[in-house]
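Visitor: Let me give you the structure first, and then I'll get to my questions.
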Protein chains: 2
Amino acid sequence: MTITGELLIGNRTRMGQNGTLTAIEAATGQALEGVFGGASAADLDAAAQLAWQAFPAYRDTALENRAAFLEKAAENILSIGELLIERAMAESGLPRPRLEGERMRTVTQLRLFAGVVREGAFQDLRFDAADAARTPPKPDLRLRKVGLGPVAVFGASNFPLAFSVAGGDTASALAAGCPVIVKAHPAHPGTSELVARALQQAVIDCGMPEGTFSMLHDSGHEIGGALVAHPLIRAVGFTGSRRGGLALVDIAAKRRIPIPVYAEMSAINPVLLFPEALKARGGKIGGAFAASLTLGAGQFCTNPGLVLAVEGEGLEAFKAGAVEALKALPAQTMLTAGIGQAYREGIAKLVGHSDVTQLAEGQEGDDRRGQAALFETTAASFMKDKSLHDEVFGAAGLIVKCRDLAEVEAVIDDLEGQLTVALHIDEGDHKTAARLMPKLEMLAGRLLVNGFGTGVEVSPAMVHGGPYPATSDVRSTSVGTMAIDRFLRPVAYQDMPADLLPEGLRDRD
Amino acid sequence: MTITGELLIGNRTRMGQNGTLTAIEAATGQALEGVFGGASAADLDAAAQLAWQAFPAYRDTALENRAAFLEKAAENILSIGELLIERAMAESGLPRPRLEGERMRTVTQLRLFAGVVREGAFQDLRFDAADAARTPPKPDLRLRKVGLGPVAVFGASNFPLAFSVAGGDTASALAAGCPVIVKAHPAHPGTSELVARALQQAVIDCGMPEGTFSMLHDSGHEIGGALVAHPLIRAVGFTGSRRGGLALVDIAAKRRIPIPVYAEMSAINPVLLFPEALKARGGKIGGAFAASLTLGAGQFCTNPGLVLAVEGEGLEAFKAGAVEALKALPAQTMLTAGIGQAYREGIAKLVGHSDVTQLAEGQEGDDRRGQAALFETTAASFMKDKSLHDEVFGAAGLIVKCRDLAEVEAVIDDLEGQLTVALHIDEGDHKTAARLMPKLEMLAGRLLVNGFGTGVEVSPAMVHGGPYPATSDVRSTSVGTMAIDRFLRPVAYQDMPADLLPEGLRDRD
């Protein structure tokens, strides 16, 4: 497979003529091979028209065929082999084991959704039997869920495989019976093209209707916005910054026909350290925290950016453990120069903040490599200055020292919606923790004990979502099998003769 | 039970001091007994604070207790007895059998949701077992759905019981574990108070937390808007006009934390008459159509306002049947003077339209009683003038005469989203109808054969919803058991010890 820089529109490819993008090697800032042509409004419209035409046939594919298509997509991604890993390493600066793991996650996710499709429960088939004897007569009613229509998916910078072209949004939308148009992330256009070609080939291999999948490059922000505004697009999946997500939400709300936007945005993922746990193993938790904080250069949505604890010996032990671990950590290549710069600006703001103390820094970085950093402030300062609640995307953590548990609770009340909350507890903390649970359930989509939010299992019981502004839609998850529900709507069929009913609704009479 | 005109805030009552409302007898325009005090911002805030305080305890009520509470609410509504029927008749102008039926529908709906709560599947409990041997270790993950938070419900004018204070929105929100604040519809404030007192008493009878239910009157539109904007409100249910619904959607989108609005708005509910069916029984379908069109003075969301058919003998027979039935129909009291006036204006616009012919009118009406009317136009005119697509709320129908099936299809492509589409078909029409099905599935939430959309069954397979602008959220239904899903969000619990887990998630280890 060669990287050509082309757009993939239905089963064809075409060099975009609306500006160009260059792929940048994250570690060096040097241009990588390949020039990528930006899509025009006409390219977008061509992809949208094909998706719309494909939709009726694609949403009524036999479940077995749709599942086989998702499995073929997984197989084709694996078949790219070493080229995919090398290109993703160059474009993202992420290390090989991480990207090999991420590829496996991507492939497993497609296969998991193949299983979801085959099993069929997502259709929520319902049958209400008629009763002619009732007054008034009760009709025969049957229900199934169908896809919403073509879905726009925005690739994320921080997971060039698992949250990008063939990531969770694409896998769940395709599983739901929705054609997908991906807007590739400019930080990894070559990786995007390779994966998109694997999907395009799967469409052809499995005889899916042309338009089931397309991928566009955008040389600016215009085509991404136009994609969300396009009348034939019926839902949007996005993972990225709060600013980016809210811009899409805004465009979607202003359409003649508004559509749902599932934007997974920012979170600082509070970590609550409880007294008994701190007393028993403060230092150990500190070390584990530092490891989670700096995983992938801290560029995870579930990065634990905030620590809440009552001051005292236990917290001092935690800090000592974290500081020790952090000091030894080498700077890590960040995804893009822009992300690196935003990180340095965020750090500078904390360093210069009169109520914030820097506790530790990792090994020195540079303009491409981020240096880990740990800060501390008081609960009073944190609650006073809301800018301290902002996510600093990267390996930066802030400890908020509280006078007592009441102050911990006050800080919790003050927080915005989150993806995760982690509780570090020992047996003796359970009672206190249990009392906070109703509050924490309202704060985040996932509550976890004695661990950190990084490591998002792709499984039925996962929720990777949460109250605004962690996501734009608290009713949804973007990871796990429940993600398919985002792209479905119910349709009822009343007194419908068998030859007009969709196949799945015919078989009970 | 006496009607006092008070607001019901938690378990207390208070006379609103922010302006007054008077109940009007629909048939005469005369004031009915009772003056209703409008809620102030402070009243609203008091209700919202109580709802927020009630929420943690209410959402974690044992399912059996929550179900018993819904059943008690049903019982208390029945206990009001004759007073409720008489007051609703006076305020709405709807006849006794209709209101007795509607009361039964309301009570059955509450009991149905009690069953849904008891059965518990709405929680979508999920269990992913841990696997310590995997690399990395797989965590224990459990998921349940919990209520979104306090829900604002707007009573609808046209169903003073079943889509009002204790209607489907309230029943499904309470079932989901969400406290409810109802904004009573000004067209039936006395009916609203009676039903609200029954719900308030059920809260007390069953020991539910105070604030689980409140009801406010609004002397204008200000408090309704403020209710949607209130930071402690987390979702909105509404049935009414498009203008009203879109105003609420707009307020919700502008909140600091946007919330879902489920607005069920306007629809003209196309009826497609197929050639063989028309040939075999055009006249009979016409008579049945007239009956459905004029049911409840045509004041149903599912009123069949639009007929599409190919011109010819069959359609002439349909018209003759409809005209004959309509002519004999007496004018019917409309819900409010405002609705009556809007209806007359809509009729006048059609009468004065150069491309529209009036085919029939019912018995003469007056300023309180609406006269049924049937019009005809051509497909070309209908597609040219989008104002002909507007809903005329009341017993007015428009036949769109098409030259051939291709033109019928062109008109379908031109329509906005609908709640229902009805197909009248005989065996020989099945093939044509089947070809249209994918298109019709995208047009409406419920497709039905050889009937009309009026008569919305409250059951598991019902969808009373549809693409925008029929509703503001195509993913939802406001009638039937699936309505509960609107007020839920998923929460995941990872590696959580049993004493921190909610009860339903504890029992599998």
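The values are calculated or read from the model by the stated rules, or taken from the named source; none is laboratory data. Predicted, not measured: the structure shown is a model, and the values here were computed from it. Note: ideal-geometry Cβ built from the backbone for every residue, glycine included; neighbour counts use all protein chains shown. Ligands, DNA and RNA are excluded from the accessible area calculation, which covers all protein heavy atoms including side chains. Shrake-Rupley method; radii C 1.70, N 1.55, O 1.52, S 1.80 Å.
Visitor: Counting protein heavy atoms only and a 1.4 angstrom probe, how many square angstrom of accessible surface do chains B and A bury in total, to the nearest 100?
Guide: For chain B against chain A, roughly 5500 Å² becomes buried.
Visitor: Given the convex hull of the Cα atoms of chain A, what is a quarter of its surface area in nm²?
Guide: Approximately 25.8 nm², given one-decimal rounding.
Visitor: Please report the accessible area of B:ILE85 (heavy atoms, 1.4 Å probe, ligands and nucleic acids excluded) in Å², nearest 10.
Guide: For B:ILE85, solvent-accessible area is about 0 Å².
Visitor: At a probe radius of 1.4 Å, what is the per-residue accessible area of B:ARG126, in Å² to the nearest 10?
Guide: 50 Å²
Visitor: Could you give me D for the stretch A:411-509, from Stokes-Einstein at 25 °C and 0.890 mPa s, where the hydrodynamic radius is the Kirkwood radius over C-alpha pairs? Units µm² s⁻¹, please.
Guide: Approximately 150 µm²/s, per Stokes-Einstein.
Visitor: Taking only the Cα atoms of the stretch A:222-280, how large is their convex hull per residue, in Å³?
Guide: 98 Å³
Visitor: Taking a 32 Å limit on the Cα-Cα distance, which of the listed pairs B:LYS284/B:LYS431; A:LYS183/B:LYS254; B:LYS145/B:LYS254; A:LYS138/B:LYS254; B:LYS183/B:LYS384; B:LYS254/B:LYS386 fall beyond it?
Guide: Values: B:LYS284/B:LYS431 23 Å; A:LYS183/B:LYS254 27 Å; B:LYS145/B:LYS254 26 Å; A:LYS138/B:LYS254 42 Å; B:LYS183/B:LYS384 39 Å; B:LYS254/B:LYS386 29 Å.
Cα-Cα > 32 Å for A:LYS138/B:LYS254; B:LYS183/B:LYS384; rest within.
Visitor: 5 Å is the cut-off here: which amide hydrogens, built 1.01 Å from N in the peptide plane, fall below it relative to B:ALA444, excluding neighbours closer than 5 in sequence?
Guide: Residues meeting the amide H criterion: B:GLN418.
Visitor: Magnitude of the Cβ-charge dipole of the protein assembly as shown, K/R +1 and D/E -1, about the Cα centre, nearest 20 debye?
Guide: 80 debye
Visitor: A further question follows. For the protein assembly as shown, give me the percentage of DSSP beta bridges that are antiparallel, rounded to the nearest 5 percent. If you can, show how the numbers build up before the last one.
Guide: On the way: 52 of 136 bridges.
Counting DSSP beta bridges with both partners in the protein assembly as shown, the antiparallel share is about 40 percent.
Visitor: Please say if the stretch A:247-331 is rounded, prolate or oblate, where rounded means a/c under 1.5 for a ≥ b ≥ c the square roots of the C-alpha gyration tensor eigenvalues, and otherwise the choice is prolate for a/b larger than b/c and oblate otherwise?
Guide: Prolate, since a/c reaches 1.5 and a/b exceeds b/c.
Visitor: For chain B, what proportion of DSSP beta bridges, expressed in % and rounded to the nearest 5, is antiparallel?
Guide: Antiparallel: roughly 40 percent of the beta bridges in chain B.
Visitor: Given labels modelled 7 Å from the Cα in the Cβ direction, how far is it in nm from A:ALA42 to A:ASP367?
Guide: 3.9 nm
Visitor: Throw me the Rg/Rh for the stretch A:13-86, computed over C-alpha atoms with Kirkwood Rh, two decimals.
Guide: On the Cα set of the stretch A:13-86, Rg over Rh gives 1.10.
Visitor: Measuring from label point to label point, each 7 Å out along Cα→Cβ, what is the A:ARG255 to A:LYS439 span in nm?
Guide: About 4.0 nm, to one decimal.
Visitor: Order B:CYS402, A:CYS206 by their accessible area, 1.4 angstrom probe, all chains in place, largest first. Don't skip to the end; give the middle numbers.
Guide: Values: B:CYS402 0, A:CYS206 45 Å².
Putting B:CYS402, A:CYS206 in descending order of accessible area: A:CYS206, B:CYS402.
Visitor: Give the angle, between 0 and 90 degrees and rounded to the nearest 10, that separates the Cα long axis of helix B:242-253 from the longest principal axis of the Cα atoms of chain B.
Guide: 30 degrees
Visitor: Working with all protein chains in place, sort B:GLU210, B:GLU427 by solvent-accessible area computed with a 1.4 Å probe, largest first.
Guide: B:GLU427, B:GLU210
Visitor: Considering every Cα-Cα pair within the stretch A:96-180, what fraction, in whole percent, is farther apart than 15 Å? Please list the in-between numbers first.
Guide: Numbers: 2381 of 3570 pairs.
Of all Cα-Cα pairs in the stretch A:96-180, 67 percent lie more than 15 Å apart.
Visitor: Right, something else. Output the direction-averaged projected area (hull surface divided by four) of the convex hull of the alpha-carbon atoms of the stretch A:270-449, in nm². Could the numbers behind the result be given before it?
Guide: Numbers: hull surface 36.2 nm².
The number I arrive at for the stretch A:270-449 is 9.1 nm².
Visitor: Also, I was wondering about something else. Lys and Arg at +1, Asp and Glu at -1: add these up for the other residues within a Cβ distance under 14 Å of B:CYS178 and post the number.
Guide: Its environment carries a net charge of +3.
Visitor: List the extent of the Cα atoms of the stretch A:449-497 along each of their three principal axes, largest first, rounded to whole Å.
Guide: Per principal axis, max minus min of the Cα coordinates gives 55, 23, 15 Å.
Visitor: Under 18 Å from a label point 7 Å along Cα→Cβ of B:THR357: give me every residue in the stretch B:369-388 with its amide N that close.
Guide: B:373-383
Visitor: Hey, quick one: spin label on A:ARG12, modelled 7 Å out along Cα-Cβ, who in the stretch A:181-214 has an amide N within reach, i.e. under 14 Å?
Guide: A:210-211
Visitor: At 1.4 Å probe size, put B:MET383, A:MET208 in order of accessible surface, largest to smallest.
Guide: On the way: B:MET383 55, A:MET208 15 Å².
So, going from the largest accessible area down, we get B:MET383, A:MET208.
Visitor: Can you give the translational diffusion coefficient of the protein assembly as shown in µm²/s, computed by Stokes-Einstein from the Kirkwood radius over Cα pairs at 10 °C and 1.306 mPa s?
Guide: Values: Rh = 30.0 Å.
Using the Kirkwood radius from Cα pairs, D works out to 53 µm²/s.
Visitor: Please sort B:497-504, B:225-232 by packing, taking for each peptide the average over its residues of neighbouring beta carbons within 10 angstrom, highest first.
Guide: B:225-232, B:497-504
Visitor: Above 17 angstrom, tally the Cα pairs of the stretch B:349-408 and express them as a % of all pairs, no decimals.
Guide: When all Cα pairs of the stretch B:349-408 are counted, 41 percent exceed 17 Å.
Visitor: Using amide H atoms built 1.01 Å from N in the peptide plane, name the residues 5+ places from B:LEU32, or on other chains, whose amide H lies under 5 Å from its own.
Guide: B:ALA23, B:ILE24, B:GLU25
Visitor: What 222 nm value per residue comes from the helices of the protein assembly as shown, counting each DSSP H run with n ≥ 4 as -39,500 (n - 2.57) and dividing by all residues, nearest 500 deg cm²/dmol?
Guide: The helix-only estimate for the protein assembly as shown comes to -12500 deg cm²/dmol at 222 nm.
Visitor: Also, I was wondering about something else. Tell me, what HN-Hα J-couplings in whole Hz come from the Karplus equation 6.51 cos²θ - 1.76 cosθ + 1.60 at θ = phi - 60° for each residue of the stretch B:40-50, using x for Gly and Pro?
Guide: The phi angles translate into 9, 4, 5, 4, 4, 5, 4, 5, 5, 4, 4 Hz.
Visitor: A further question follows. How much net charge surrounds A:GLY5 when only other residues with a Cβ under 14 Å from its Cβ are counted (Lys, Arg +1; Asp, Glu -1)?
Guide: -3
Visitor: Can you tell me the FRET efficiency between B:ALA57 and A:GLU119 if r is taken as the Cβ-Cβ distance and R0 is 51 Å, rounded to the nearest 0.05?
Guide: 0.90
Visitor: Using a Förster radius of 45 Å, what is the FRET efficiency between B:GLU311 and B:PHE127 based on their Cβ-Cβ separation? Nearest 0.05, please.
Guide: Calculated transfer efficiency: 0.15.
Visitor: Moving on. Using Cα centres only, tell me the gap between the stretch B:395-422 and the stretch B:175-227 in whole Å.
Guide: 39 Å
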